[in-house]
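K.L.:
Let me give you the structure first, and then I'll get to my questions.
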Amino acid sequence: MNNSVTNTARLLGAGLRALLVLTLLCGVLYPLAVTGVAQALFHDKANGSEIEAHGKVVGSELIGQRYDLPLKRGQKPPAPDLRWFQPRPSNGLGENSVNTDHKLLLSGATNLAGDSEELIAQVKEAKAAVIRDNSTASHKINPTNVPADAVTSSGSGLDPHISPAYAALQAHRVAEKNHLSVPRIQHLIIQNTTPRTLGFLGEPRVNVLRLNLALKELTSHSPTP
């Protein structure tokens, strides 16, 4: 009997010591080490890849934003603010119906099949809007030049990038709305185009937030027409 109690006590003591040691290693020291390395070597990425403008955080390099006009009474969805470059459609975004005390951004895809009549209707509607919004008095958009990312959302619905082709398609409209020359806007797009990673991974891309920040900086230094 005494041996049984002693063995049980010894096992419980060993288990408790193992619990304390593993808690210290895995719950305290390891997270601190990983956090320290991340902050030292990858400070920007570890803190959410934040983008700052004039000392203020304006967004993340990893999460897309919309550029819309203020909602009018009874209006839904909001109309795009055509002074700015527009991101991909965000059809995958859902509405927060669980915790309504906070405005949460939910990501997700439409999950509609390629032959879905609903998806086809969405794409046609989006294409018509792209052609209408980006055509100017001196430049009409050719429907065959509308790229896929202009009319479809990404898998997450939060893609922060657009293709250089979609950015170029918007150049004439952005130039007209901001009283700038088209070549100046085209040069701005080139300056903010990220090439393929290592020269062969992925596709060239344009971060819409960074592009619009560059546009805002450009317009603030341009003379008033």
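All of the numbers you see were taken from the coordinates with simple rules; none came from a lab. Just so it is clear, the model here is predicted, and its values are computed rather than measured. Virtual Cβ from ideal backbone geometry, glycine too; neighbours counted across all protein chains shown.
K.L.:
Only four residue types carry charge here, +1 at the Cβ of Lys and Arg and -1 at the Cβ of Asp and Glu. Report the dipole size of the chain about the Cα centre in Debye, rounded to the nearest 20.
P.N.:
Around 300 debye, computed over the chain.
K.L.:
Still on this structure, please answer the following. Of K72/K140; K56/K76; K127/K216; K72/K177; K140/K177, which pairs sit farther than 24 Å apart, going by alpha carbon to alpha carbon? Kindly include the intermediate steps, with their values, before the conclusion.
P.N.:
Numbers: K72/K140 29 Å; K56/K76 30 Å; K127/K216 27 Å; K72/K177 21 Å; K140/K177 15 Å.
Over 24 Å Cα-Cα: K72/K140; K56/K76; K127/K216.
K.L.:
Fewest first, what order do V174, V151 take by the number of other Cβ atoms within 10 Å?
P.N.:
On the way: V174 26, V151 20.
Ordered from fewest to most neighbouring Cβ atoms within 10 Å, V174, V151 come out as V151, V174.
K.L.:
Tilt of helix 182-191 relative to the longest C-alpha principal axis of the chain, in degrees (0 to 90, nearest 10)?
P.N.:
The angle comes out near 20 degrees.
K.L.:
Please list, ordered by chain and number, the residues whose modelled amide H lies under 5 Å from the amide H of S135; skip anything fewer than 5 residues away on the same chain.
P.N.:
I141
K.L.:
Here is a follow-up. Starting from the Cα-Cα distance between E118 and L24, subtract it from 0.36 nm times their residue separation and give me the gain in nm to one decimal. Kindly include the intermediate steps, with their values, before the conclusion.
P.N.:
Details: separation 94, 0.36 × 94 = 33.84 nm, distance 5.37 nm.
Full extension of this stretch gives 28.5 nm more.
K.L.:
Give me the angle, in degrees from 0 to 90, between the Cα long axis of helix 208-220 and the longest principal axis of the Cα atoms of the chain, rounded to the nearest 10.
P.N.:
Taking the Cα atoms of the chain, the angle to 208-220 is about 50 degrees.
K.L.:
When the Cα centres of segment 37-67 and segment 162-225 are compared, how far apart do they sit, in Å?
P.N.:
Spelled out, the Cα-based centre of one part sits 20 Å from the other.
K.L.:
Among V28, V208, P89, which residue has its Cα furthest toward the positive end of the charge dipole of the chain, with +1 on Lys/Arg Cβ and -1 on Asp/Glu Cβ?
P.N.:
V208
K.L.:
Near the amide H of S116, under 5 Å away, which other amide H atoms are found, from residues 5 or more places off or on another chain, if H is placed in the peptide plane?
P.N.:
Hits under the 5 Å cutoff: none.
K.L.:
Would you calculate a helix-derived [θ] at 222 nm for the chain, using -39,500 (n - 2.57) for each DSSP H run of n ≥ 4 and dividing by the full residue count, to the nearest 500? Spell out each step's value before the answer.
P.N.:
Working: 8 runs with 93 residues, N = 225.
Roughly -12500 deg cm²/dmol at 222 nm, from the helical runs in the chain.
K.L.:
Over segment 175-214, what is the relative contact order in percent, taking alpha-carbon pairs closer than 8 angstrom and at least six residues apart? Present the calculation step by step, with values, prior to reporting the outcome.
P.N.:
Numbers: 27 pairs, mean separation 12.2, N = 40.
That works out to 30 percent.
K.L.:
Which one, (1) -0.61, -0.91; (2) -0.54, -0.87; (3) -0.70, -1.03, gives log10 I(q)/I(0) by the Debye sum over Cα atoms at q = 0.11, 0.14 Å⁻¹ as derived from the coordinates shown?
P.N.:
Among (1) -0.61, -0.91; (2) -0.54, -0.87; (3) -0.70, -1.03, the one derived from this structure is (3).
K.L.:
Between 0 and 90 degrees, rounded to the nearest ten: what's the tilt of helix 30-41 against the longest Cα principal axis of the chain?
P.N.:
Between helix and principal axis, roughly 30 degrees.
K.L.:
Right, something else. Name the residues whose placed amide hydrogens come within less than 5 Å of the amide hydrogen of G59, ignoring near sequence neighbours (fewer than 5 apart) on the same chain.
P.N.:
Residues meeting the criterion, in which the H sits 1.01 Å from N, are I51.
K.L.:
Here's a follow-up. Provide the packing ranking of 204-215, 20-31, i.e. peptides ordered by the mean count of other C-beta atoms within 10 Å per residue, highest first. Numbers along the way, then the final one.
P.N.:
On the way: 204-215: 20.2, 20-31: 10.3.
Ranked by mean Cβ neighbours within 10 Å, highest first: 204-215, 20-31.
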